[in-house]
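Okay, structure first, notes after.
The values are calculated or read from the model by the stated rules, or taken from the named source; none is laboratory data. Note that this is a predicted model, so its numbers are computed, not measured. Please note: Cβ atoms are built from the backbone with ideal geometry, for glycine as well, and neighbour counts cover all protein chains shown. Ligands, DNA and RNA are excluded from the accessible area calculation, which covers all protein heavy atoms including side chains. Shrake-Rupley method; radii C 1.70, N 1.55, O 1.52, S 1.80 Å.
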Amino acid sequence: MKYSLSAKNLVCRNLESRASYCAGLLNADHTKEITGVLRTDSGLLSYTFNQAVTNAVMPERILQRFVVDYFAERHSPFTLWHCANKAFDDGALAELGLKRGPSLVALAVEVQRLAADEMLPEALRGKLTLAQAGVEELADYAELQASLFNGSREGPQIRKFYQRLAELPEQKRSRLKFFLARLDGEAVAGGCLFASADALGFYDLVTSEAHRGRGIGRALFNFLVAQALHSHHKYAVALAPENRQQLLLDTGFFAVGEVASYRFEP
C-alpha cells in the first residue's frame, strides 16, 4: 500500500461510511450527497451523530445552503469534517457559525503489518477483562462515551443513541462492533470497530477519567488490533489527536494526512 493521497482517501471514505451508517440506524432519510460533500442527519440533537464530510473546497454559499441552513432550520448541531488537503478559509466558516476545532491525524495500515502487544501490565493481570460488548452492555458503553460530555446536552444525546441502538436487531447494526475493558467487573474503557467496504476503522477509544494512566486504554487498543488481525479486512484506518497518535504508530499505522474539524451549535 502506498501511503499517499490514496491512503488518506481510505480514511475519509471510512469516516463517510460510518457517519452515514450511524445516522441511518436511527433515521431512514439520513444521508444526502452532492459533489464534494456528504451530509448525514441522525435525527438527534447531536454533533457526534449529525455530520458533514467534505473532500473538496467548495464556495461557502454551497456549504451554507446544503449543510448549515439544513441543520440551522432543525436547530440541530453538527460536526463538519474536512478531508481535502486544501484548507477552508476559517474566517469565512466562522461567519457561518462553524467553529474550528482541533485537527485529527489520519492513519492507515495494511492489517498484516499490525503487531499487537497482548501482555497486560502486572498490576492489571487477573483484574482486567477485555471483550466485545453484548446488547445488554451497550448502556455501560454509552456511559463511557457520554462521560466525555458531562455538563452539556451532548451526553444525554449520546445515551439516547445507544438506547435506540440496543432496540435494533443485531444484524441491522452488524458493521459496528463495540468493546469494553472491565476492571474488577466495572466498565472502565471502551472502543469501537467499524467495517466499511474497504477498511476497518478504529473509533471512540475512551478510558474513564479515574482510571487513566494505568495502561487500560493501551490494553483495549491492542485487543482491538488483535480483532483486526483475525478479520478479513486488508486495511485498517483511524483518526487520532496529534498528541495521542504514538500508540498507533508503534503498532504499525502510518500517518497519512490531517482532517480538520468544525462544530456548529445553533
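So the values come out like this:
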{"quantity": "Meets criteria (more than 21 Å from Leu144 (Cβ to Cβ) and either out of contact with any His (no Cβ under 6 Å at 6 or more places or on another chain) or surrounded by 15 or more Cβ atoms within 10 Å (Cβ to Cβ) (or both)) for Glu209", "calculated": "no"}
{"quantity": "The stretch 16-37 residues that are assigned to a helix (DSSP H, G or I), paired with ones that are surrounded by 20 or more Cβ atoms within 10 Å (Cβ to Cβ) and aliphatic (A, V, I, L, M) (beta carbon under 8 Å, 6 or more apart)", "calculated": "Glu16/Leu38; Glu16/Val53; Ala19/Leu38; Ala19/Val53; Ser20/Leu38; Leu26/Leu44"}
{"quantity": "Exclusive hit being under 17 Å from Ala260 (Cα atoms), open to solvent by less than 20 Å² (accessible area, probe 1.4 Å), in contact with a helix residue (DSSP H, G or I) (Cβ under 9 Å, 6 or more places away or on another chain) and at pLDDT 95 or above, set Val67, Val37", "calculated": "Val37"}
{"quantity": "Hits in the stretch 113-129 - residues which are open to solvent by 30 Å² or more (accessible area, probe 1.4 Å) and touching a helix residue (DSSP H, G or I) at 6+ places or on another chain (Cβ under 8 Å)", "calculated": "Ala115, Ala116, Asp117, Glu118, Leu120, Pro121"}
{"quantity": "Residue within the stretch 130-142 that is open to solvent by less than 50 Å² (accessible area, probe 1.4 Å), among the acidic types (Asp, Glu) and under 30 Å from Ala7 (Cβ atoms) present", "calculated": "no"}
{"quantity": "Qualifying residue in the stretch 225-232 (condition: among the hydroxyl-bearing types (Ser, Thr, Tyr), under 24 Å from Gly134 (Cα atoms) and either more than 16 Å from the chain's Cα centre (by Cα) or not in a loop (DSSP other than H, G, I, E, B) (or both))", "calculated": "yes"}
{"quantity": "Unique residue being outside any loop (DSSP other than H, G, I, E, B), aliphatic (A, V, I, L, M) and within 19 Å of the chain's Cα centre (by Cα) when the list is Ala187, Ala197, Ala181, Ala210", "calculated": "Ala181"}
{"quantity": "When residues of the stretch 1-34 are limited to those that are polar (S, T, N, Q) and out of contact with any Ser or Thr (no Cβ under 9 Å at 6 or more places or on another chain), the one modelled with the lowest pLDDT", "calculated": "Ser4"}
{"quantity": "Conditions (1) of a type in the set (D, E, K, R); (2) more than 29 Å from Ser42 (Cβ to Cβ); (3) modelled with pLDDT of 95 or more; number of the one not met by Glu73", "calculated": "(2)"}
{"quantity": "Within the stretch 72-81, tally of residues that are closer than 21 Å to Gly257 by Cα and touching an Asp or Glu at 6+ places or on another chain (Cβ under 9 Å)", "calculated": "1"}
{"quantity": "Filtered residues of the stretch 40-64 (kept if open to solvent by 10 Å² or more (accessible area, probe 1.4 Å), assigned to a loop (DSSP other than H, G, I, E, B) and either at pLDDT below 95 or in contact with an Asp or Glu (Cβ under 7 Å, 6 or more places away or on another chain) (or both))", "calculated": "Tyr47, Thr48, Asn55, Ala56, Val57, Met58, Pro59"}
{"quantity": "Inter-residue pairs, beta-carbon under 7 Å, first outside any loop (DSSP other than H, G, I, E, B) and in the stretch 249-265, second buried (at least 19 other Cβ atoms within 10 Å of the Cβ) and among the charged types (D, E, K, R), 6+ apart", "calculated": "Val256/Lys8; Gly257/Lys8"}
{"quantity": "Selection status of Asp198, of a type outside the set (A, V, I, L, M, F, W, C) and in contact with a Lys or Arg (Cβ under 6 Å, 6 or more places away or on another chain)", "calculated": "no"}
{"quantity": "Residue, modelled with the lowest pLDDT, within the stretch 167-184, restricted to residues that are open to solvent by 40 Å² or more (accessible area, probe 1.4 Å) and under 14 Å from Ala133 (Cβ atoms)", "calculated": "Glu170"}
